[in-house]
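Note sheet for the following structure.
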Amino acid sequence: MRYAATITGTGRTFPEKRVTNDDIVDRLEKGCITTDDQWIRDRTGIRERRFSSLKNPDEHNSSLGVAAARRALDMAGRTPGEIDQIIYATCSPDTLLPSTACWLQHKIGATQAWAMDINAACSGFIYGLATAEKFIQSGQTLTALVVGAEVLNPFINWRDRGSCIIFGDGAGAAVVERTEHDSPARILSSHLLSDGNLWEMLHIPAGGSSMEVTPDHFSKNLHKIHMHGKEIFKVAVRTLAEFATRSLESNGFTIDDLDWFIPHQANFRIIEAVAKRLRCPMERVVVNVDRYGNTSAATIPTALDEAVRDGRIQKGQLVLLDAFGAGLTYGAILMRW
């Protein structure tokens with residue numbers, strides 16, 4: 001390949017409303033098994049998360065994406081007019097038509113860009129970043145904007161305390177640009193996989209073309225998130241560890257060479273278990289799930305931006321992004337910052 005891809009700017013944003021564990025407990029349906037703040041912390045490590053106000057246009061999915069994108073562009077020193085390509089990772093779009101990527105393109109005035117959505121759930125940002133990398137390597141794209149954003153609170157299943165305690169809203173973005181193929185700062189490799197046989201572990205039954213939201217489906221909560229938490233925990237730990245190892249070994253590295261590990265922020269217990277399996281000290285793992293919950297496609301870009309802006313991630317360091325999501329989908333990207 002003549003070219004490589006490098007991240008030149010990152011950004012993140014969250015809705016204003018903080019939702020504590022006590023707030024979640026208050027919303028649980030009457031008759032739900034006793035749940036409290038300690039129970040949630042023990043099982044997830046989450047203290048609070050953010051919820052968008054659906055009545056506030058500034059907190060719609062695309063609006064959160066706009067705020068994160070503008071911060072990423074500012075860091076990169078780029079303008080919307082310089083963007084060639086917009087890849088928007090989300091499973092909670094503003095509208096089914098048009099794409100949320102087109103909403104963002106319209107709102108920021110990126111008139112030279114073509115735009116598309118990617119739905120790989122929690123792996124979405126990884127899929128988007130890998131896609132941008134390939135377009136850049138081919139020479140078709142000079143500057144790409146990759147966004148991972150979710151407004152999940154409308155889809156929370158308040159009849160399931162195992163899943164309703166987890167999710168939050170937010171957005172993260174990265175500006176990805178062309179660089180020389182042997183540049184010190186570049187994406188080194190990307191690794192993707194899907195397993196549709198495990199679709200039932202995490203899905204929303206109704207709302208697509210195969211099952212509309214009828215009054216009967218609505219009463220059965222089929223338009224909300226359905227999750228098998230115990231099974232997902234096992235698969236997540238195994239696949240996150242496998243993809244991390246695959247990424248490192250394919251580039252001739254070991255876990256000792258890694259400066260920062262940024263896994264999908266699904267659950268702190270999953271993150272701990274993966275770090276233990278990899279023998280990666282928690283001091284080298286970026287974590288924000290305790291403050292924002294699981295924001296699906298937004299978890300990795302928001303955690304990345306936080307670590308870049310607070311100075312943890314430094315030039316020349318080796319950084320690994322690693323995710324799994326509904327589908328099931330898996331992905332990892334190794335980069336030299």
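Bear in mind that the values in this text are calculations on the coordinates, not laboratory data. Predicted, not measured: the structure shown is a model, and the values here were computed from it. A quick note on method: Cβ atoms are made from the backbone with ideal geometry, for glycine too, and the neighbour counts reach across all protein chains shown.
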**Study point:** Computed FRET value (nearest 0.05) for Asp257 with Ser219, which takes r as the C-beta separation and R₀ as 35 Å
**Key:** 0.05
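Based on Cβ point charges of +1 for Lys and Arg and -1 for Asp and Glu, what charge dipole magnitude is obtained for the chain about its Cα centre, in debye rounded to the nearest 20?
Numbers: 37 positive and 40 negative charges, 52 e Å.
Dipole about the Cα centre, nearest 20: 260 debye.
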Check your understanding: Angle, helix 299-309 long axis vs. longest principal axis of the chain, Cα atoms, 0 to 90°, nearest 10?
Key -> 50
Practice item. Show that you can apply the helix-only estimate: for the chain, add -39,500 (n - 2.57) for every DSSP H stretch of four or more residues, divide by all residues, and state [θ] at 222 nm to the nearest 500. Key: -10000 deg cm²/dmol
Review point. What is the distance in Å between the Cα centres of segment 131-148 and segment 230-257?
Key: 25
Exercise for review: State, to one decimal in nm, how far the label point of Asp195 lies from the label point of Gln314, with both points 7 Å from Cα in the Cβ direction.
Suggested key: 3.9
**Study point:** Ranked packing of 182-195, 239-252, 320-333, most packed first, by mean Cβ within 10 Å
**Key:** 320-333, 239-252, 182-195
Check your understanding: Which of (1) 116; (2) 130; (3) 162 is the computed volume of the Cα convex hull per residue in Å³ for the structure on display?
Key -> (2)
Revision key, fill the gap. Taking Cα atoms only, helix 229-250 is inclined relative to the longest principal axis of the chain by an angle, in degrees rounded to 10, of 10
Revision key, fill the gap. Farthest towards the positive end of the dipole of segment 174-228, among Ile204, Val175, Leu222 and with Cβ unit charges of +1 on Lys and Arg and -1 on Asp and Glu, lies the Cα of Leu222
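Is segment 281-337 best put as rounded, prolate or oblate by its Cα gyration tensor, with a ≥ b ≥ c the root eigenvalues, rounded for a/c under 1.5, and otherwise prolate when a/b is larger than b/c, oblate when not? Mind showing how you got there, number by number?
Numbers: a/c = 2.07, a/b = 1.36, b/c = 1.53.
Oblate, since a/c reaches 1.5 and b/c is not below a/b.
Among 123-136, 96-109, what's the highest-first ranking by average C-beta atoms within 10 angstrom per residue? Walk me through the intermediate numbers first.
Working: 123-136: 26.6, 96-109: 18.9.
Ranked from most to least packed, the peptides come out as 123-136, 96-109.
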Study note, to complete from the structure: If R0 = 25 Å, then Met282 and Asn56, at their Cβ-Cβ distance, give a FRET efficiency to the nearest 0.05 of 0.10
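Net charge near Ile333: determine it from the other residues with C-beta under 13 Å of the C-beta of Ile333, scoring Lys and Arg +1 and Asp and Glu -1. Display every interim value, and only then the final one.
Numbers: positive: Lys134, Arg186, Arg246, Arg336; negative: Glu133, Asp322.
Taking every Cβ under 13 Å from that of Ile333, the sum is +2.
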Review point. For Lys230 and Met116 in one chain, what is 0.36 nm times their gap in residues minus the Cα-Cα distance, to one decimal in nm?
Key: 37.7 nm
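Counting only DSSP beta bridges with both residues in the chain, what percent are antiparallel, rounded to the nearest 5? Walk me through the intermediate numbers first.
Details: 41 of 57 bridges.
Here the share of antiparallel DSSP bridges comes out near 70 percent.
Stokes-Einstein diffusion coefficient for segment 126-282 at 4 °C in a medium of 1.567 mPa s, Rh from the Kirkwood formula over Cα pairs: what value in µm²/s?
Values: Rh = 18.5 Å.
Value of D from the Cα-based Kirkwood radius: 70 µm²/s.
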